[in-house]
Amino acid sequence: MQSDFVLPASGPDPARRIRLRHLRCFVTVAREGQVGRAAELLQLSQPAVTKTLNELEVLAGTKLLDRGRHGARLTAGGQRFLRYAQDVTTSLDAAVAALAGATEPAREPLRIGALPTVAGSVLPEALAGVRRLRPDLDIRVRTDSNAVLLSVLAAGALDVVLGRMAEPSRMVGLSFELLYAETLIFVVRPGHPLAGRSVSPAETLDHPLVVATRGTVPRHATEALFERHGLRLPTGLIETLDLAVARGVVRRSDAVWITTERAARDDLADGVVRRVDVPTAGTVEPVGVLRRSADGTSAALEDFVTILRDVPVDGTWQDFPHG
């Protein structure tokens, strides 16, 4: 069925040869942000997915995705194309369901994107609140870097993102509502030589460092903090956005984890890690709710955002200039 589907077109336009397999592949890669994950969902090999994407870009006459080591990111043309591609695949799925005798339209899930640091702190409380209010609502949560999440949100593959503002070019068509702001902190295992001490950034360089990956706001803030003290990050870093990985490394070694304060809040409260008193002035960053400005909103999304606003906020909210 997929191989016979062709987009309607008139004349010799090459786009008439775009097929459903091209669209499904493109939509899945755009949604997942990685060719590997898309290949698993499509039950195809990565080379097959790459070949299909290449064919689509040739037929479309434009580059739709920037693909590299850090995943697949939609181009401006890809963002425009995605909405129409999604409409085609969604409509066909609905038609197939109708032929199969489905009596009710499929319920649309609430699609939430969240930074890993937010997913482990604010988001669980908000999800619990939504579940109490809407027990039948399907919810899909995706965690990724801020750049990937904003790209997927702008393309319409997410309904809302809990993340950070970006440069103006990435905020076109998006709105931002501040929830809180937080600073970087340094944490170590209990019994670490630096645990509970007041030290300078230079003293932490005597130990392995666990930091956020390149291109993220926490990583930029980390680099800027050391530069203000005339220092540079050393080699031998462990770079990760996975909180479980960072936590595991710190608990099993003398590594120092540089992260946002809310990411380690529960671990600090449980005594799993200890804080190192390092001055981190100038690392405050806002976190908030990002949505597409022009889109209408669903009742479920509004309920979710309302609950988010009521989640207790601590940290540096009161110290961040806002309003």
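The values are calculated or read from the model by the stated rules, or taken from the named source; none is laboratory data. Since the structure is predicted, the reported quantities are computational estimates derived from the model, not experimental observations. Cβ sites come from the backbone with ideal geometry, for glycine too, and all protein chains shown count toward neighbours. Remember, those area values only see protein heavy atoms, side chains included, never the ligands or the DNA or RNA. Shrake-Rupley method; radii C 1.70, N 1.55, O 1.52, S 1.80 Å.
What residue, of ALA244, ALA255, ALA269, ALA264, is small (Gly, Ala, Ser), open to solvent by less than 50 Å² (accessible area, probe 1.4 Å) and closer than 22 Å to ALA126 by Cβ?
On inspection, the qualifying residue turns out to be ALA264.
If you check THR216, THR222, which single one turns out to be modelled with pLDDT of 95 or more, surrounded by 14 or more Cβ atoms within 10 Å (Cβ to Cβ), more than 18 Å from SER253 (Cβ to Cβ) and under 21 Å from the mean Cα position of the chain (by Cα)?
Of THR216, THR222, the one residue that is modelled with pLDDT of 95 or more, surrounded by 14 or more Cβ atoms within 10 Å (Cβ to Cβ), more than 18 Å from SER253 (Cβ to Cβ) and under 21 Å from the mean Cα position of the chain (by Cα) is THR222.
Among residues belonging to the range 132-166 that are within 14 Å of VAL305 (Cα to Cα) and either acidic (Asp, Glu) or assigned to a helix (DSSP H, G or I) (or both), point out the one that is most open to solvent (accessible area, probe 1.4 Å).
Filtering the range 132-166 for residues that are within 14 Å of VAL305 (Cα to Cα) and either acidic (Asp, Glu) or assigned to a helix (DSSP H, G or I) (or both), the one most open to solvent (accessible area, probe 1.4 Å) comes out as LEU133.
Can you tell me which condition TYR84 does not meet? The list is (1) of a type in the set (Phe, Trp, Tyr); (2) in contact with a Leu (Cβ under 8 Å, 6 or more places away or on another chain); (3) open to solvent by 70 Å² or more (accessible area, probe 1.4 Å), and all the others hold.
The number of the failed condition is (2).
Determine which member of the set GLY129, GLY113, GLY78, GLY120 is surrounded by 15 or more Cβ atoms within 10 Å (Cβ to Cβ), touching a Leu at 6+ places or on another chain (Cβ under 6 Å) and modelled with pLDDT of 90 or more.
GLY113 is the lone residue from the list that is surrounded by 15 or more Cβ atoms within 10 Å (Cβ to Cβ), touching a Leu at 6+ places or on another chain (Cβ under 6 Å) and modelled with pLDDT of 90 or more.
Here is a yes/no grid of residues against (1) part of a strand (DSSP E or B); (2) open to solvent by 60 Å² or more (accessible area, probe 1.4 Å):
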{"position": "ARG275", "(1), (2)": "yes, yes"}
{"position": "THR280", "(1), (2)": "no, no"}
{"position": "THR283", "(1), (2)": "no, no"}
{"position": "VAL287", "(1), (2)": "yes, no"}
{"position": "ALA294", "(1), (2)": "no, yes"}
{"position": "THR297", "(1), (2)": "no, yes"}
{"position": "LEU301", "(1), (2)": "no, no"}
{"position": "THR306", "(1), (2)": "no, yes"}
{"position": "ARG309", "(1), (2)": "no, yes"}
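Return a yes/no flag: does the range 230-252 have any residue that is more than 27 Å from SER151 (Cα to Cα), of a type in the set (A, V, I, L, M, F, W, C), at pLDDT 95 or above and in a helix (DSSP H, G or I).
Yes, the range 230-252 contains a residue that is more than 27 Å from SER151 (Cα to Cα), of a type in the set (A, V, I, L, M, F, W, C), at pLDDT 95 or above and in a helix (DSSP H, G or I).
Quick one: in the range 167-200, which of the residues that are among the small types (Gly, Ala, Ser) and open to solvent by 30 Å² or more (accessible area, probe 1.4 Å) is nearest to ARG309 (Cα to Cα)?
By that ranking, first place goes to SER175.
With the requirement that a residue be open to solvent by less than 70 Å² (accessible area, probe 1.4 Å) and modelled with pLDDT under 75, what does the range 99-110 give you?
Once the filter is applied, which keeps residues that are open to solvent by less than 70 Å² (accessible area, probe 1.4 Å) and modelled with pLDDT under 75, the range 99-110 yields GLY101, ALA102.
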